[in-house]
Structures are given as structure tokens and as C-alpha cells.
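For reference, the structure discussed in these notes is given below.
The values are calculated or read from the model by the stated rules, or taken from the named source; none is laboratory data. Just so it is clear, the model here is predicted, and its values are computed rather than measured. Ideal geometry is used to build each Cβ from the backbone, glycine not excepted, and the neighbour counts take in all protein chains shown.
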Amino acid sequence: MLYNTNKIWLTIDVEELSDSNFRLIAKNELKLDYEALIDNWLNLCEEYGYKSTAFILGSFAEKYPHIVKKLSNNGHEIASHGLTHDLVYDIPFETWSNSISESKRILEDITGNEIKGYRSASWSLPFEKYYYEELVKSGYSYSSSYFPLKTYLYGNAIDKKNSFNVETKSGSIIEIPVPKFIVPFSGGFYLRTLPQFVQKLLVKQLISIDVKPVLYVHPYELIKKNSMLAYYYKYFKKNIDFFLAFWTLNRPISNIEKYLIDKK
């Protein structure tokens with residue numbers, strides 16, 4: 001598990017833009033060069049001597065197995081992001097159970113390696129023991145699905161910062177929360193909107209109290225700033241979610257580089 005390697009845990013949720021839970025309305029067929037975007041990620045990690053954990057959707061892996069192999073062959077840990085990006089609490093338990101087993105199988109067939117980690121779509125895994133027991137039964141040894149802030153879409157009211165064990169009748173599993181310091185800051189919407197100096201301060205604060213910052217990004221956040229603006233205008237109709245996404249996605253994600261310097 002690469003979580004134990006450095007002072008920060010660098011992760012990427014590998015999914016297509018159409019999988020995101022923004023209620024964006026496409027007016028054209030979405031086209032992105034995901035291999036080029038993952039190459040951007042690989043180059044960034046190589047530049048700073050980091051390896052990441054890639055939580056990959058099974059549907060993405062079936063469509064782009066060569067990208068999964070590229071990540072794995074470059075030494076990045078492959079983990080499951082589920083089979084599809086459906087919110088866990090919105091689908092029947094049996095459907096979800098089958099999906100975590102199927103996504104694990106797909107990724108293991110592609111990489112030839114055992115898949116040990118899981119992250120739910122949009123942090124939507126209910127914090128209920130029977131869900132964790134099902135992960136244990138399916139062969140997972142850790143999850144990173146706990147978001148310590150309750151929102152309309154996901155999250156939990158209890159602020160858990162450090163990893164912790166969940167004991168079930170079938171065995172134990174480690175849960176690795178996305179930590180917050182006053183507010184979440186280390187990925188997605190939060191990473192894109194909070195001022196960089198605030199993010200750097202919060203990273204340092206967490207490290208100073210022996211809490212490992214968990215950073216997470218998505219491939220579509222690796223589009224260059226000018227290209228991203230043009231892309232959204234071209235492919236999406238203008239609604240409330242468009243302007244929210246447009247506002248938050250028009251900042252280059254490259255400032256993640258600032259966190260990789262001297263953080264080994």
C-alpha cells in the first residue's frame with residue numbers, strides 16, 4: 001500500500017468526465033485523450049520522484065486497458081474505484097457487492113497483480129459495518145471512502161483524520177479518510193477553489209500533527225487551463241452546474257506540484 005510510503009498520499013481517481021456527478025448536460029459527444037492526460041500525471045510524478053495510487057473504475061479499465069497497464073508498469077498502485085460511478089447508497093446492496101468483485105477481477109486480469117484497495121464513487125460508501133464486511137469478503141484490505149464533512153451528496157459528520165481499522169465478522173479492514181483541517185482542501189472541488197497559500201498551510205499543519213494528507217485528482221483536471229475553458233464551452237450546455245464546474249475547473253491543477261516538493 002503506497003499510503004505508507006511518503007508524508008503525503010498521492011491518489012488519482014481514474015474515470016471519464018462523463019462519469020462525474022456534476023449534473024452537466026452534454027451537447028456533443030465527449031471526447032478526451034485520456035492517455036495523454038494520464039501521461040501528464042505520470043510525468044508529474046516522475047519529475048518529483050513520486051508514485052501514486054490510481055483508483056480506477058472497472059468501466060474505464062475495460063475501455064482503456066492499455067492505460068491501466070501503463071500506470072501499473074510505471075510502478076503506480078492500482079486500486080478499485082468500483083465498476084461504475086453510481087453512488088453506492090443509490091444502488092441495491094447486491095448490485096454494489098457484485099460491482100466491487102467484478103471491478104477487482106477486471107483490474108487483476110489486466111495487471112496480473114492483486115487489487116487490495118477500494119474507493120467509492122464520490123465518497124458515497126455508507127459508514128455501515130456490513131458494507132465493510134462485504135469489502136473484506138471480496139478480498140480488499142483497505143478502503144479510502146471516508147469523507148469527514150457532511151454534504152448534500154456525500155460525507156460524514158464525524159471528523160476522522162487518521163486511518164483506522166473496521167472490525168467485521170469476516171475480518172478487519174483499514175479505512176483511510178480524506179483528512180480535513182477546519183475544512184477539506186486536498187482534492188476535487190476543494191483543491192481547485194481554495195487559495196494555494198491556504199492549502200500549503202493546511203498540508204504543513206497536518207504533517208506537523210502526524211496526520212498524512214491525502215491528495216486526490218481526476219484525469220479531466222489535468223487538462224491545461226486554456227484548453228479546459230474551450231472544452232467546456234464546446235461540449236456542455238449552460239446550466240447552474242455548468243457555471244459551477246466552469247468556475248472551479250478553470251484553475252490549472254498543476255499547483256499540486258507545490259505539495260510534492262520536499263514532502264518525501
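Return the residues of segment 173-210 that are loosely packed, with under 12 Cβ neighbours inside 10 Å and either in contact with a Lys or Arg (Cβ under 6 Å, 6 or more places away or on another chain) or outside any helix (DSSP H, G or I) (or both); say none if nothing qualifies.
Ile182, Val183, Pro195, Ile209, Asp210, listed by residue number.
Would you please list the contacts, defined by Cβ atoms under 9 Å and residues six or more apart or on different chains, that run from a residue in segment 84-111 that is outside any helix (DSSP H, G or I) to a residue that is hydrophobic (A, V, I, L, M, F, W, C) and surrounded by 21 or more Cβ atoms within 10 Å (Cβ to Cβ)?
Note: pairs meeting the criteria are Thr84/Leu57; Thr84/Ala121; His85/Leu57; His85/Ala121; Asp86/Trp96; Asp86/Ala121; Leu87/Ala121.
Residue-wise test of (1) under 15 Å from Trp123 (Cα atoms); (2) at pLDDT below 95.
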site: Ser20; (1), (2): yes, yes
site: Leu32; (1), (2): no, yes
site: Thr53; (1), (2): no, no
site: Phe60; (1), (2): no, no
site: Tyr64; (1), (2): no, no
site: Ser80; (1), (2): yes, no
site: Ile91; (1), (2): yes, no
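Could you please find all residues in segment 60-103 being hydroxyl-bearing (Ser, Thr, Tyr) and farther than 16 Å from Ile115 by Cα?
Tyr64, Thr84, Tyr89, Thr95
So Asn156 passes all but one of these: (1) without any contact (Cβ under 8 Å) to a residue 40 or more places away in the chain; (2) closer than 16 Å to Phe93 by Cα. Which condition number does it fail?
The single condition Asn156 does not satisfy is (2).
Within segment 106-122, track down each residue that is surrounded by 15 or more Cβ atoms within 10 Å (Cβ to Cβ), of a type outside the set (A, V, I, L, M) and modelled with pLDDT of 95 or more.
Within segment 106-122, Glu108, Thr111, Lys116, Gly117, Tyr118, Arg119, Ser120 qualify.
Restricting to segment 111-143, give me the number of residues that are hydrophobic (A, V, I, L, M, F, W, C) and under 16 Å from Tyr154 (Cα atoms).
Here the count works out to 4.
Identify all residues within segment 133-166 that are loosely packed, with under 15 Cβ neighbours inside 10 Å, more than 15 Å from Ala121 (Cβ to Cβ) and not small (Gly, Ala, Ser); write none if there are none.
Lys150, Tyr152, Ile158, Asp159, Asn162, Phe164, Asn165
What pairs come out if I take residues in segment 14-25 that are over 16 Å from Ala61 (Cα atoms) and pair them with residues that are at pLDDT 70 or above and among the small types (Gly, Ala, Ser) whose C-beta lies under 8 Å away, six or more apart or interchain?
Asn21/Ala121; Asn21/Ser122
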